[in-house]
1. Given the structure, is residue 426 under 21 Å from the mean Cα position of the chain (by Cα) and buried (at least 16 other Cβ atoms within 10 Å of the Cβ)?
2. Checking residue 138 against (1) over 19 Å from the mean Cα position of the chain (by Cα); (2) not in a helix (DSSP H, G or I), which test does it fail?
3. Determine whether the stretch 222-241 contains at least one residue that is surrounded by fewer than 11 Cβ atoms within 10 Å (Cβ to Cβ), within 22 Å of residue 280 (Cα to Cα), assigned by TED's automatic domain parsing to the domain that holds residue 156 and free of Cβ contacts under 8 Å to residues at least 60 places away in the same chain.
4. Could you tell me whether any residue of the stretch 244-255 is within 23 Å of the chain's Cα centre (by Cα), over 30 Å from residue 179 (Cβ atoms) and buried (at least 19 other Cβ atoms within 10 Å of the Cβ)?
5. Before we move on, is residue 161 under 20 Å from the mean Cα position of the chain (by Cα), over 21 Å from residue 107 (Cβ atoms) and without any contact (Cβ under 8 Å) to a residue 40 or more places away in the chain?
6. Which numbered condition in (1) outside any strand (DSSP E or B); (2) crowded, with 17+ Cβ neighbours inside 10 Å; (3) at pLDDT 95 or above is the only one that residue 163 fails?
7. Would it be correct to say that residue 336 is without any contact (Cβ under 8 Å) to a residue 12 or more places away in the chain and touching a strand residue (DSSP E or B) at 6+ places or on another chain (Cβ under 8 Å)?
8. Could you list, in sequence order, the residues of the stretch 241-269 that are out of contact with any helix residue (DSSP H, G or I) (no Cβ under 9 Å at 6 or more places or on another chain), part of a loop (DSSP other than H, G, I, E, B) and more than 14 Å from residue 152 (Cβ to Cβ)?
């Protein structure tokens with residue numbers, strides 16, 4: 001739904017941003033098999049904001065811009081923007097050139113594809129009902145590359161012996177791929193595409209009554225998909241599931257795109273979840289190694305040759321000089337450099353403490369530098385940033401309900417001030433927060 005036909009974009013310099021629609025030669029709305037444009041460089045930055053984000057029940061809005069670098073520009077979503085349809089806060093991705101926006105309606109069980117025309121103008125060019133394939137309207141999903149996205153879900157069921165005594169909790173994994181260009185469900189193994197299997201249980205799981213209840217944030221290397229895992233305990237005395245981080249961090253590995261030959265790999269260096277939360281947690285570098293963040297206390301782990309490299313130990317708390325660092329994930333820029341939204345785990349993730357920051361991380365030298373961004377940040381639901389054609393990494397950072405900026409982070413700089421500010425961004429109230437740039 002478009003809220004207004006007026007292009008509500010305030011420019012302090014009095015100039016409009018250029019708005020050129022992505023297209024190909026055959027169809028002004030873009031061909032489903034083309035990805036919108038022959039351009040390999042970025043055409044649009046899709047800036048996304050969420051309303052009532054802490055409750056995950058509010059609306060999500062997007063606006064498309066060709067340039068975010070001008071300090072004279074102010075972006076406001078007051079009475080402007082394309083409302084991304086979703087039952088809860090939308091889970092969006094974009095094509096690498098920004099010409100297509102993809103949206104999982106979390107709670108609605110659908111994925112839609114939109115062609116970007118600029119400003120608040122988006123047209124729907126694809127729609128999929130994925131609830132049958134995933135057996136839920138609330139799956140997780142991750143864009144793997146410009147060709148594929150992964151849909152993934154876990155269902156759990158308590159098992160009993162013949163005397164109806166609890167034995168263990170069975171975790172069933174459902175994996176499906178989406179071909180983003182042709183916009184269809186693909187895969188093998190079930191009638192609807194993908195795979196369905198019982199999660200293998202480790203000796204630690206059996207001994208401590210652990211079960212996997214969520215998987216997310218996969219990375220692809222060498223024909224394998226690596227999914228982060230989150231586990232919990234079923235307490236038979238209360239008949240309730242108990243959150244815990246007291247288990248060795250693990251990853252599910254499957255063949256891709258067939259989703260066959262599942263196996264679990266386990267780290268001896270870290271405890272707790274590798275699932276993340278909306279933010280990507282695992283990235284492959286140029287050498288084919290995967291680097292994966294854990295929740296709290298956060299570490300970066302290395303996966304090589306389909307297993308954890310337990311000689312690599314990057315402790316983020318030590319690197320940042322803090323007692324206990326937590327993170328939901330991070331972004332890889334290249335050449336071993338990334339950016340990590342983090343929080344002080346001694347204070348927590350809530351907006352009432354706003355204990356978040358952003359760090360530049362150097363994977364190869366195991367270094368981390370906290371950037372001198374504003375205080376009072378809440379990045380619990382921050383989802384994405386993009387690499388511009390200028391080699392800078394773009395993030396939309398603002399305090400909850402306050403004004404902020406587009407930050408253009410310089411991967412080559414090791415300084416805490418290694419960034420420039422671009423457009424000013426405004427939030428509507430203290431329930432709204434920028435979810436990222438796509």
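1. no
2. (1)
3. Yes, there is a match, as at least one residue in the stretch 222-241 is surrounded by fewer than 11 Cβ atoms within 10 Å (Cβ to Cβ), within 22 Å of residue 280 (Cα to Cα), assigned by TED's automatic domain parsing to the domain that holds residue 156 and free of Cβ contacts under 8 Å to residues at least 60 places away in the same chain.
4. Checking the stretch 244-255: at least one residue is within 23 Å of the chain's Cα centre (by Cα), over 30 Å from residue 179 (Cβ atoms) and buried (at least 19 other Cβ atoms within 10 Å of the Cβ).
5. So residue 161 does not fit the description; no.
6. (2)
7. No: the conditions fail for residue 336.
8. Selection gives 245, 258, 260, 261.
The values are calculated or read from the model by the stated rules, or taken from the named source; none is laboratory data. On a predicted model such as this, the values are computed, not experimentally measured, just so you know. FYI the Cβ positions are ideal-geometry reconstructions off the backbone, even for glycines, and counts take in every protein chain you see.
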